[in-house]
Amino acid sequence: MADLSDSLRRLIAMQGPIPLALYMAQANAHYYSTRDPLGAGGDFITAPEISQMFGEMVGVWIADVWRRAGSPARVIYAEPGPGRGTLARDALRVAARFGLVPEVHFIEGSPELRRAQAAAFPQAVWHEDLSTLPDDAPILLVANEFLDALPVRQLVKTPQGWRERMVGLDGDRFVPVSGGLPMDSAVPQAWREAEAGAIVETSPAAGAVMGEIGARLAAQGGAALIIDYGYAPRQMGSTFQALRAHAHVDPFKAPGEADLTCLVDFVTAAQVAQVQGARVMGIAGQGGWLMALGMAERAAALARAAPDQAKEVEAAYHRLTAPDHMGVLFKVLGLAGREWPDGAGFGPAAPVS
Ligand code: SAH
């Protein structure tokens, strides 16, 4: 395969700086299609890879909503970006105990990861995007660390006004530069007067996915859990980052060789789904949500069953729930279709602001 850095350099040399979103999209498409990035030997680790308890709580949640919705016979389990299939495996093992055995549909761009998913779910159906999911049954959709990998667009305040943040070249090096076209109208009114250097980040791709999820929940029924690192309420500033071998590296160096992500804007994600007709159950911190689902009890039971692993179970519990680890930065957004009940862990339905 042609080296991605070289082809991006040629593109920029020919046509000038490219939007950050295009740089990020190209880099991640290359990155995910050429490796399995997860786990100790990879670049990053995700909640389901830390402990089976994470997927089990998701399984309890979807089974509970499904039962209270009247246990519809045909139901679709849909997971965008399933990684190694670990979350689906743990969740659906638990769900089956409650009688929930859905059709499994994965949305995955990477051939390498599709192979890993097929080993766990030979009977699954794969999709390039959400548009080809079945539309004749309710959907239980779960996405963990999917939205953060989608390309973002950044606008930067310059002395001349707001401009798109682009990627240009300084010699051989990729560098952020500001574009030539005025972009003031794309910036929310409240932020327009910000000081030079301010950055506003949006993810049209994440918005499109959330809109599709909202529309499907409204039309087909079902429920969704969107889990990721992110913020609520909205905030300014760049969250563009790169992880390689579990360390932060410069995202403008070696595109396609590190995992490029941005934090998820949870308020916008929820609102986009809501506009399409889904009901927002709420946005919870991952730690509080897992505890509300009974993860402390599950951890105690696992430790009793295998005392030699009690320390590992305790460490995983801490990592997934503690506020200074994944408990607060990671958030859970719950969505429901019409006539579908609220799921556990979100408290009384709260309006999205
Ligand atoms: N959910 C898994 C993996 C997270 S990594 C876990 O929690 O362990 C991100 C996942 O999203 C990978 O499976 C990656 O291949 C997939 N992905 C990233 N960008 C994508 C895109 N544009 N279309 C489809 N899948 C994508």
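The values are calculated or read from the model by the stated rules, or taken from the named source; none is laboratory data. This is a predicted model, so every value here is computed, not measured. Because the Cβ atoms are built from the backbone with ideal geometry, glycine has one as well, and the counts that use them run over all protein chains shown. The area values use the complete protein model at the heavy-atom level, side chains included, leaving out ligands, DNA and RNA. Shrake-Rupley method; radii C 1.70, N 1.55, O 1.52, S 1.80 Å.
Annotations
- Test for Gly83: is it out of contact with any Pro (no Cβ under 6 Å at 6 or more places or on another chain), at pLDDT 95 or above and either closer than 23 Å to Gly207 by Cβ or of a type in the set (Val, Ile, Thr) (or both): yes
So that you can scan it fast, the table gives a plain yes or no per residue for (1) under 23 Å from Ala196 (Cβ atoms); (2) in contact (Cβ under 8 Å) with a residue 12 or more places away in the chain; (3) surrounded by 19 or more Cβ atoms within 10 Å (Cβ to Cβ):
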site	(1), (2), (3)
Pro233	no, yes, no
Thr239	yes, yes, no
His248	no, no, no
Pro255	no, yes, yes
Ala258	no, yes, yes
Cys262	yes, yes, yes
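- Members of the range 138-175 found to be under 23 Å from Gln15 (Cα atoms) and touching a Cys at 6+ places or on another chain (Cβ under 8 Å), listed by number: Val152
- Test: residue in the range 15-24 that is hydroxyl-bearing (Ser, Thr, Tyr), more than 20 Å from the chain's Cα centre (by Cα), assigned to a helix (DSSP H, G or I) and more than 13 Å from the ligand (Cβ to nearest atom): no
- The residue pairs whose first member lies in the range 285-311 and is under 20 Å from Leu225 (Cβ atoms) and open to solvent by 30 Å² or more (accessible area, probe 1.4 Å), whose second member is of a type in the set (D, E, K, R) and assigned to a helix (DSSP H, G or I), and whose beta carbons are closer than 9 Å, counting only pairs six or more residues apart or on different chains, are Arg298/Glu56.
- When the residues of the range 62-81 are filtered to those that are open to solvent by 30 Å² or more (accessible area, probe 1.4 Å) and of a type in the set (A, V, I, L, M, F, W, C), the one that is farthest from Arg93 (Cα to Cα) is Ala69.
- Some residue of the range 195-202 being outside any helix (DSSP H, G or I), among the hydroxyl-bearing types (Ser, Thr, Tyr) and out of contact with any Leu (no Cβ under 6 Å at 6 or more places or on another chain): yes
- Verdict on Ala119 being at pLDDT 95 or above, of a type in the set (A, V, I, L, M, F, W, C) and within 15 Å of the ligand (Cβ to nearest atom): yes
- Restricted to strands (runs of 3 or more DSSP E) entirely inside the range 207-292, those with at least 1 residues that are within 18 Å of Gly81 (Cβ to Cβ) are 222-231, 241-244, 259-261.
- Residue that is nearest to Arg216 (Cα to Cα) [pool: residues in the range 122-155 that are open to solvent by 60 Å² or more (accessible area, probe 1.4 Å) and near the ligand (Cβ under 9 Å from one of its atoms)]: Asp129
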